[in-house]
1. Taking the Cα centre of region 101-241 as origin, sum charge times position over the Cβ atoms of Lys and Arg (+1) and Asp and Glu (-1), and report the length of that vector in debye to the nearest 20.
2. Given the peptides 88-99, 179-190, arrange them by the average over their residues of other C-beta atoms within 10 Å, most packed first.
3. Quick check: pseudo-label points 7 Å beyond the Cα along Cα→Cβ at ARG89 and ARG319, how many nm apart are they?
4. Give me the percent of accessible area attributable to carbon and sulfur for region 68-217, probe 1.4 angstrom.
5. Under a 1.4 Å probe, what is the accessible area of region 36-107 per residue, stated in Å²?
6. On average, how much accessible surface per residue is there in region 195-262, in Å², for a 1.4 Å probe, leaving out ligands, DNA and RNA?
7. In terms of modelled amide H atoms, which long-range or inter-chain residues lie less than 5 Å from the amide H of CYS49?
8. Taking θ as phi - 60°, what are the ³J(HN,Hα) couplings along region 103-110 by the Karplus curve (6.51, -1.76, 1.60), each to the nearest whole Hz, with x for Gly and Pro?
Amino acid sequence: MARRSLTLAILVGGGLLWSGTAHAIVGGHAPSRSYPGMVQLEQRGDFICGASLVRSTWVLTAAHCVSDGENGGPTSPGDLTLVLGRTRRSDESTGERLRATRVIRHESYGTPNASSNDVALIELPRAARQAPYRVVTPAEADLWKPGTTATVTGWGGRVFTGIDGGSDDLEEIQVPIQSDSTCRQSYSVTLGYDAATMLCAGELTGGRDACQGDSGGPLTVLDGQTPVLVGVVSSGLGCAFPTQYGLYARIGAAALAGWIVRNAGPAPTPATPTAPGTSPGTPSAAPTPTSTAKRRKILGLKRAGRRGRALRLALVVRRPVTGLKVTVRRVRGKDVRTVKRTRRTRVTRNLTVAVRIPRTRRTGRLRIVVSGRDENGRRVGFARTLRTRG
Ligand code: 4AZ
């Protein structure tokens, strides 16, 4: 959204609405708490956007942050890396850097409005060490009703022009969530407002706002002491201009909350029981918890062997599994290379999967990861390392 909103702001605002604030996000300050789930998104080594860890292996960002592929398609995961657990961008000694293994951009991003459905999920190659954000559920609309103070965090530009290159240290601001009618009025003749998947927040007088580089990052509200993710920084007309509230993806909308659960799986069940009157942190249709041991048994390996160029894996499928994925990588010292990935939609019984492996990569240790989801959307599968000979 960066370029689009900048151009419009110059045309419509004519520069007259310049807020003059010269700190932080725009008008921000050092964070008042730690945000372990706050993520930096990099494209080919350059910081481009904020993002939020929402499951141990999934990061949520804005669709427009990952729309750099061919013909405006999703950016290739190979171009993206994520930095987790680091608040000072330049501090390489903290946090972890993980590559992206998959990008799922919302299928209806850009429809009906340019900023509708502005969400995307990025998969990580392994579980992050940090704790994910709790994501608001559609049943919790009270947590973020108009007038609620919300917090935006990011490393984005401190002034509208974006020429300051953003901030090295993470910063935050507090902004009130606005009603749909206020948001609609504010954007009726410019960007447009789609209450089905967007929300807006900010002060009537401006001064505090997300800006370029904050996109993709979290908008949270407090549930007791816990920040709960209710928005993803999306766009807006300029930054911190009076009446031009910041636009966010509306995560509490059934359409977006459901999309996240469908693609990243349900939220983990909280470790401790929640007190009456507080929200459970999982959607009402949450599956009954299955123990890790049981989930592992749903998918098993009966036999593995070579036949010609292919590695044949006889899999045991005890309960229906969707999105079955078999990854075979060659392990050579520390060099791990993906050899083959296969995907199937739904399997209900035992099957044999043949994975072709190029001759040059056939010997040595092979790391095999088989994964999928059970009927409750929970991850099932196993990993094995096999030794093969030429
Ligand atoms: C951007 O260009 C952008 N004031 C992000 C947020 C806002 C404006 C622009 C909201 O990424």
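1. Dipole size: approximately 280 debye.
2. 179-190, 88-99
3. 4.5 nm
4. 48 percent
5. 40 Å²
6. That works out to 25 Å² per residue.
7. LEU41
8. So the J values, rounded to whole Hz, are 10, 10, 8, 4, 4, 9, 4, x.
The values are calculated or read from the model by the stated rules, or taken from the named source; none is laboratory data. Computed from a predicted structure; not experimentally measured. FYI the Cβ positions are ideal-geometry reconstructions off the backbone, even for glycines, and counts take in every protein chain you see. These area figures cover heavy atoms from the full protein model, side chains too; ligands, DNA and RNA do not enter into them. Shrake-Rupley method; radii C 1.70, N 1.55, O 1.52, S 1.80 Å.
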